[in-house]
Amino acid sequence: MAKMIKNSPSLGEGVASDFAENQAIVFSMYFKSRNAQPFTMKRRIKGIAAAIAAFSVLAVGSPIVASAQSAGVPNAVDITNQIRNDTWKARNDLHKEAEKLDPNSAQKAKELVDGAANAVAPGIVDEKNKEAQEAKDRAEAERLAKERENFDYGSCPPTAAACVDLTKQRTWLQKNGKVFGPARDMSSGAVGWETPKGTHRVVRKVKNEVSRPFNNAPMPYSVYFTNNGIAFHEGNPNLWSHGCVHLRHDDAVQYFDELQVGDVVYVY
């Protein structure tokens with residue numbers, strides 16, 4: 001452990017470089033072989049967390065941190081941020097190395113590393129995971145916004161609550177004349193059983209429906225939009241129907257929840 005921290009008057013050559021060297025030492029000590037015996041592997045896994053924890057204690061108490069203010073280098077907040085950033089980098093690097101272990105050992109190693117990282121920088125794992133999720137959510141929101149801007153509405157009018165494109169075998173919901181959510185894959189009526197085109201209205205909804213004309217075939221989450229048995233309902237989008245619109249389970253549930261009696265359904 002003597003090599004964990006190098007004496008240096010420079011913060012740039014201190015916290016950041018020490019973490020890099022520390023990680024290299026940890027990697028060489030604990031991940032030299034994927035075929036280690038269980039006892040040895042257990043010690044290696046424990047060593048990952050121990051190395052990070054030991055480094056953090058030394059780093060915080062080292063001359064690098066102690067002399068930072070007097071040397072005119074970044075203040076305590078900057079140093080704390082540097083340590084947190086380097087801790088997160090070390091955590092991610094060790095997670096990557098842990099992937100080289102067998103699945104059970106890898107999970108244990110990651111848990112130990114996360115525990116050590118939180119000891120070094122309290123709350124950092126949840127904080128960074130939250131930041132990553134927020135970034136993912138923003139990217140998804142931007143993607144959907146762009147998709148809405150360029151959405152192909154075909155001939156479906158803004159007044160429709162649901163649209164069915166028979167040519168492209170897609171359907172979507174609308175709110176205030178704009179697409180609501182993505183276009184869904186679907187299947188419509190087979191030749192001789194074509195789904196009727198035109199403007200329709202939702203006439204009734206039956207959650208646990210069955211088709212009596214077709215041997216009580218299940219039609220979960222049925223949303224009828226004609227008076228002669230044509231509905232949106234859960235079914236296989238890869239199979240043609242007898243006139244209804246087949247939707248995957250989650251889509252059928254959403255259509256059932258969103259569409260109300262009287263809503264316009266436009267089929268073209």
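What follows is calculated from the coordinates using simple rules that are stated; it is not laboratory data. Remember, predicted model here, so these are calculated numbers, not experimental data. Every residue, glycine among them, receives a Cβ derived from its backbone with ideal geometry; neighbour counts consider all protein chains shown.
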Using the beta-carbon distance between ARG204 and ASP126 and R0 = 41 Å, what value does 1/(1 + (r/R0)^6) give for FRET efficiency, to the nearest 0.05? 0.30
Taking the Cβ-Cβ separation of LYS100 and ARG143 as r and a Förster radius of 30 Å, what is the calculated FRET efficiency to the nearest 0.05? 0.35
Within 10 Å of each residue's Cβ, count the other Cβ atoms and sort THR159, THR226, THR199, THR171 from fewest upward. THR159, THR199, THR226, THR171
If you take the beta carbon distance between PHE214 and TYR268 as r and set R0 to 41 Å, what does 1/(1 + (r/R0)^6) give as a FRET efficiency, to the nearest 0.05? 0.95
Computed log₁₀ I(q)/I(0) - Debye formula, equal Cα scatterers, no solvent, segment 162-267, q 0.25 Å⁻¹: -1.70
Could you check the spin-label model distance between VAL261 and ASN176? Points 7 Å from the Cα along Cα→Cβ, value in nm. 2.8 nm
Segment ASN85-ASN150, length gained on full extension (0.36 nm per residue, minus Cα span): 19.5 nm
Sequence order, segment 215-227: Karplus ³J(HN,Hα) from phi using 6.51 cos²θ - 1.76 cosθ + 1.60, θ = phi - 60°, Hz rounded, Gly and Pro as x, gives 6, 6, 4, x, 9, x, 6, 6, 10, 6, 10, 9, 8
Cβ density ranking, 10 Å radius, fewest first, applied to THR87, THR167 yields THR167, THR87
